[in-house]
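The structure under discussion appears below in the form of C-alpha cells.
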Amino acid sequence: MQQIRLAQLEDLGKIVNIYNDSIPSRIATGDLQKITVESRLKWFQERDTDHYPIWVMENNYQVVAWISLQHFYGRPAYKSTAEVSLYIAEKCRRQGIGKKLLGYVIEETPKLGLINLLGFIFAHNQPSLNLFKKYHFQQWGYLPKVAQLDNIERDLIIMGLHLDYRKSKI
C-alpha cells in the first residue's frame, strides 16, 4: 500500500538516509559528503508547510521517497515560485514513484499559492530530466561547468513549469 503524506519530524532520519544514499552516484546532488540529521533539523523545523512542504511516500508504512518545495531565491517577488527536490530510496527506483510524487506536487501547487516550479538537475541526470519532461517542464536555463564532482566539471539544467491557474478559470 502506497501513500503520500506530509513529512513528520520522525521521518527526518529516513529523509536524510535516502538523501545520503544519492550522494555517491554524483548524479542527484551537489553534496559530496553525507549530511546528518542534526544538520537538517533547522531546515525541517523552519519549513513553511502552507507553501513549501515536504511530503514522503510510504510503501507498506515504510518511507521510500520524499519530495519537497522550497522558496526560490528568498525574496518576496519570487514567492509564487518554488524549487522541487525529489529523492527515492535506491531499492525503489524505476518503479514509478518519482512520477507519482511529481504528479502529486503539481496537483497540490494551486493550494499552495504557487505558479512556477523549478527543478535544478545535473545535465548528466537523464532519468530526472526525462521525468520532468514528462510533466511538461521545459529547459529554462543552462549553467555550463558550474559543479565539480570528483574533478569532473558538470553542467546544471534548470527545468521550469509555469502553471497559470488564473487563465484556466476563465
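The values are calculated or read from the model by the stated rules, or taken from the named source; none is laboratory data. None of the values given here were measured: they were computed from a predicted structure. Cβ: placed from backbone, ideal geometry, glycine included. Neighbour counts: every protein chain shown.
Here are some notes:
- Selection within region 103-128 - out of contact with any helix residue (DSSP H, G or I) (no Cβ under 6 Å at 6 or more places or on another chain) and farther than 20 Å from Trp66 by Cβ: Gly113, Ile115, Asn116, Ala123, His124, Gln126
- Being touching a residue at least 60 places away in the same chain (Cβ under 8 Å) and among the small types (Gly, Ala, Ser) is a description that does not apply to Gly13.
- Among the residues making up region 2-21, those that are assigned to a helix (DSSP H, G or I) and among the aliphatic types (A, V, I, L, M) are Leu9, Leu12, Ile15, Val16, Ile18.
- Residue in region 29-36 that is surrounded by 13 or more Cβ atoms within 10 Å (Cβ to Cβ) and closer than 21 Å to Pro127 by Cα present: yes
- Number of residues in region 1-34 that are aliphatic (A, V, I, L, M), touching a helix residue (DSSP H, G or I) at 6+ places or on another chain (Cβ under 9 Å) and modelled with pLDDT under 95: the value is 2.
- Number of positions in region 100-129 that are among the polar types (S, T, N, Q) and closer than 14 Å to Trp140 by Cβ: 1
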